[in-house]
Amino acid sequence: MPTTAARSRPETRPPDARARARRVRQRLLKWYDEHQRRLPWRARPGQAPDPYRVLVSEAMLQQTQVATVLPYFDRFIDALPTVRDLADADEQAVLRLWQGLGYYRRARNLHAAAKAIVLTHGGQVPDRVDQLLKLPGVGRYTAGAVASIAFDKPAPILDGNVARVLARLFLIEQPVDAPDVRKTLWRLAEELVPSARPGDFNQAVMELGALVCTKAGPTCSACPLATVCDALRADRVSSVPVPARRKAPVAVQHHILAIERNGRFLFEQRPADGLWSNMWQMPTAENLSLRADAHGLTGWATRRLNLVLNVPKRLGSFTHQTTHRTIRFRVWLSTATSGRLRPRAGRWRGLGGVDDLPFANPQLRAVGMLKDHLTHRRG
Ligand code: ADE
């Protein structure tokens, strides 16, 4: 029996779960129809989405905002319009198209996924979650996103935006990265995704998280779910979701060395595994443990490259944040005065001739610093 107090305030009682789920779906889809952004991977009204474009967009959108992705997506699709074009492309060309987006493993995985799609699925992106999950780099989120958005399969998704919306909607007050909380969130996402318009529903949740139910400063007054939101009812919107408990990043120091010889500079390719694998860089001393100064660097270059250098001059420094590390980069310029470069240690290139080489962001920044310095030196 409901208590008298509860009976006197029926509107504050949580509605029956199924009725609530229906309400959430209806309101969200209606809101999405009115407010969705026109995005190049979304189908135009009355048209079917292109599964390849959906796959590419979902790879790019992992940990990256829509606004950042847009120019990359257009360039990528212009250069590689079909899954076969991507499968046949050279890895360096794929990395070049990804240059600046970060998390380059996504590009390598997407490339490998395209090859697997051509080899195993006749060039058609598979429509089943279990098949999608077998593709390189495709986890539960991407499999659900592609199955629902490209093929209208009622598969759930959970990313940062969805987790935030669900944590607020259902007032989940534990850190959203805790395994049991993730399990609960996946279950809620699964219960909510409708069999009609599941792709639109999933995109609507993400869109709500991106535009209305934002991390800081959510606009609850414009939210279609305001009347069914437990966090809003409890006045806890600003304290939910509880952020993930992250270890503090480790601070490290790297030295980038621009080495000039006859007007050209030395570039080397990183190893095939680890951070920024197979991308290009100027020789970089990572966590130099001896003397992290100009003299320490010349010794390092001689041992590593077999080049004798003038004492390097400091061009500048900057900080680059990765998930687990805060990397302080110092950029140096030196001239090779003698020595025969160790075989296969790198390539000498003029700065005008490096556009075909993929660089990760810190190296791009260092090349920019070097170009600025040379321009001023000449001027
Ligand atoms: N983030 C990830 N996938 C997305 C999509 N399809 N639409 C909007 N934001 C997204």
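The values are calculated or read from the model by the stated rules, or taken from the named source; none is laboratory data. Note that this is a predicted model, so its numbers are computed, not measured. Cβ atoms come from the backbone with ideal geometry, glycine included; neighbour counts cover every protein chain shown. Accessible surface is based on the protein model in full, side chains and every heavy atom, while ligands, DNA and RNA are left aside. Shrake-Rupley method; radii C 1.70, N 1.55, O 1.52, S 1.80 Å.
If you go through the range 133-147 and pick out every residue that is under 19 Å from the mean Cα position of the chain (by Cα) and within 16 Å of the ligand (Cβ to nearest atom), you end up with 10. The residues on offer are Leu55, Leu29, and the sole one that is in contact (Cβ under 8 Å) with a residue 60 or more places away in the chain and more than 20 Å from the chain's Cα centre (by Cα) is Leu29. With respect to the conditions (1) within 16 Å of the ligand (Cβ to nearest atom); (2) of a type outside the set (Asp, Glu); (3) open to solvent by less than 50 Å² (accessible area, probe 1.4 Å); (4) part of a loop (DSSP other than H, G, I, E, B), Tyr72 falls short on a single one, namely (4).
Among Arg347, Arg365, Arg330, Arg303, which is more than 23 Å from the chain's Cα centre (by Cα) and under 27 Å from Arg108 (Cβ atoms)? Working first, answer last.
On the way: Arg365 fails: more than 23 Å from the chain's Cα centre (by Cα); Arg330 fails: under 27 Å from Arg108 (Cβ atoms); Arg303 fails: under 27 Å from Arg108 (Cβ atoms).
Exactly one residue qualifies, and that residue is Arg347.
Taken over the range 209-218, the criterion of being within 10 Å of the ligand (Cβ to nearest atom) and under 16 Å from Ala167 (Cα atoms) is satisfied by Gly209, Ala210.
Looking only at residues of the range 333-342 that are under 13 Å from Leu266 (Cα atoms) and open to solvent by 60 Å² or more (accessible area, probe 1.4 Å), we find that the one that is nearest to the chain's Cα centre (by Cα) is Arg342. In the range 306-315, the qualifying residues are those that are surrounded by 15 or more Cβ atoms within 10 Å (Cβ to Cβ) and assigned to a strand (DSSP E or B), and the one that is nearest to the chain's Cα centre (by Cα) is Leu315. Pairs linking a residue in the range 326-343 that is under 19 Å from His295 (Cβ atoms) and among the hydrophobic types (A, V, I, L, M, F, W, C) to a residue that is open to solvent by less than 30 Å² (accessible area, probe 1.4 Å) and in a loop (DSSP other than H, G, I, E, B), with Cβ atoms under 8 Å and 6 or more positions apart or on different chains, are Trp332/Pro312; Leu333/Pro312; Ala336/Leu307. Checked against (1) away from the ligand (no atom under 16 Å from the Cβ); (2) without any contact (Cβ under 8 Å) to a residue 60 or more places away in the chain; (3) more than 20 Å from Glu173 (Cβ to Cβ), Gly263 passes all but a single condition, namely (2).
Meeting the requirement of 1 or more residues that are away from the ligand (no atom under 16 Å from the Cβ), open to solvent by 90 Å² or more (accessible area, probe 1.4 Å) and modelled with pLDDT of 95 or more, the helices (runs of 4 or more DSSP H) wholly within the range 1-66 are 17-35. It is to be established whether one or more residues within the range 121-132 are modelled with pLDDT of 95 or more, of a type in the set (A, V, I, L, M), under 30 Å from Ser238 (Cα atoms) and open to solvent by less than 40 Å² (accessible area, probe 1.4 Å). The answer is no; no qualifying residue exists. In the range 148-195, how many are away from the ligand (no atom under 14 Å from the Cβ), open to solvent by 30 Å² or more (accessible area, probe 1.4 Å) and either farther than 26 Å from Ala43 by Cβ or touching a residue at least 60 places away in the same chain (Cβ under 8 Å) (or both)? The total comes to 12.
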